[in-house]
Amino acid sequence: MTISVLLADDQAMVRASLRVILEDHPGITVVAEAADGHEAVALARRLRPDVCLVDVQMPRLDGIEVTRALAGPGVPDPLRVVVVTTFDLDEYVYGALRGGAVGFVLKDAGPDLLVEAVRAAHAGDALISPAVTLRLLRHVTSRGVPAARPPGQPLSERETEVVRAIARGRTNQEIAAELFISLSTVKGHVSAVLTKLGARNRAEIVAWAWESGLMTA
């Protein structure tokens, strides 16, 4: 199955570079490019690509606003948005995840991680650059972010382990290997956690894990 991707970046050279990186891998096709936030939202809503790669700093609407428009709370049929940027500032990381992004990747993280983020988003996983998780922790612990809402039902011990692993950026396959359980069991735990937290995707699980203090306990 081919993964369709929308690229949104105000620099034509950057978009051209991202297109080359992505289309050099089988099964990934760039179906549209947007030079500003308004164009990104319009194209994404019309074409409904599998994954939207969105830069943070763009004219008219920035990447965080684009993310909220396409995947934020209240969007009935959210798209999968991966924020790609050279800026790993705390407010960008937190804003992207709270806005509904399923990934946050730094441009200097390398082409392999970028491609992995696209594939992860398409598969329903979340990929966040390793360095970014530290910035998210700093944002939560030093800026007085409100405490996360408690889950609708208490998480089991195993579900808590899965949440911690997700917050560290582990894939389902990696979680299965770490916890010595099957991949189907991991998927079952993730599904249960999403239901209990009222979360729509893995990125919201990551945000909840940091906000709740689970990662600092």
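List of remarks:
- Pro150, sole failed condition from (1) modelled with pLDDT of 80 or more; (2) surrounded by fewer than 16 Cβ atoms within 10 Å (Cβ to Cβ); (3) not in a helix (DSSP H, G or I): (1)
- The residues of the range 39-60 that are more than 15 Å from Val118 (Cβ to Cβ) and modelled with pLDDT of 95 or more, listed by number, are Glu39, Ala40, Val41, Ala42, Leu43, Arg45, Arg46, Leu47, Arg48.
- Residues considered: Ala8, Ala34. Of these, the only one that is modelled with pLDDT of 95 or more, farther than 19 Å from His122 by Cα and open to solvent by less than 10 Å² (accessible area, probe 1.4 Å) is Ala34.
- Every condition in (1) touching a helix residue (DSSP H, G or I) at 6+ places or on another chain (Cβ under 9 Å); (2) open to solvent by 10 Å² or more (accessible area, probe 1.4 Å); (3) farther than 20 Å from Asp125 by Cα; (4) without any contact (Cβ under 8 Å) to a residue 60 or more places away in the chain holds for Thr29 except the one numbered (3).
- Checking Leu134 against (1) over 23 Å from Gln57 (Cβ atoms); (2) at pLDDT below 70; (3) out of contact with any Leu (no Cβ under 9 Å at 6 or more places or on another chain), the condition it does not meet: (1)
- Qualifying residues in the range 37-60 (those that are open to solvent by 70 Å² or more (accessible area, probe 1.4 Å) and in a loop (DSSP other than H, G, I, E, B)) - the one farthest from Tyr94 (Cα to Cα): Arg48
- Between Arg170, Arg164, Arg158, the distinction of being touching a residue at least 40 places away in the same chain (Cβ under 8 Å) and of a type in the set (D, E, K, R) belongs to Arg164 only.
- Residues (in contact (Cβ under 8 Å) with a residue 12 or more places away in the chain, surrounded by fewer than 17 Cβ atoms within 10 Å (Cβ to Cβ) and over 19 Å from Val82 (Cβ atoms)) located in the range 193-217: Thr195, Gly198, Gly213, Leu214, Thr216
Quick grid of which residues meet (1) surrounded by fewer than 13 Cβ atoms within 10 Å (Cβ to Cβ); (2) closer than 14 Å to Leu97 by Cβ; (3) at pLDDT below 75:
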residue	(1), (2), (3)
Val162	no, no, no
Ile166	no, yes, no
Thr171	no, no, no
Ser184	yes, no, no
Gly188	no, no, no
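- The number of residues in the range 61-108 that are open to solvent by 50 Å² or more (accessible area, probe 1.4 Å), in a helix (DSSP H, G or I) and modelled with pLDDT under 90 comes to 4.
The values are calculated or read from the model by the stated rules, or taken from the named source; none is laboratory data. Just so we're clear, the structure is a prediction, and the values are computed from it rather than from any experiment. In this analysis, Cβ positions are derived from the backbone assuming ideal geometry, glycine residues included, and neighbour counts consider all displayed protein chains. With ligands, DNA and RNA removed, areas are computed over all heavy atoms of the protein, side chains included. Shrake-Rupley method; radii C 1.70, N 1.55, O 1.52, S 1.80 Å.
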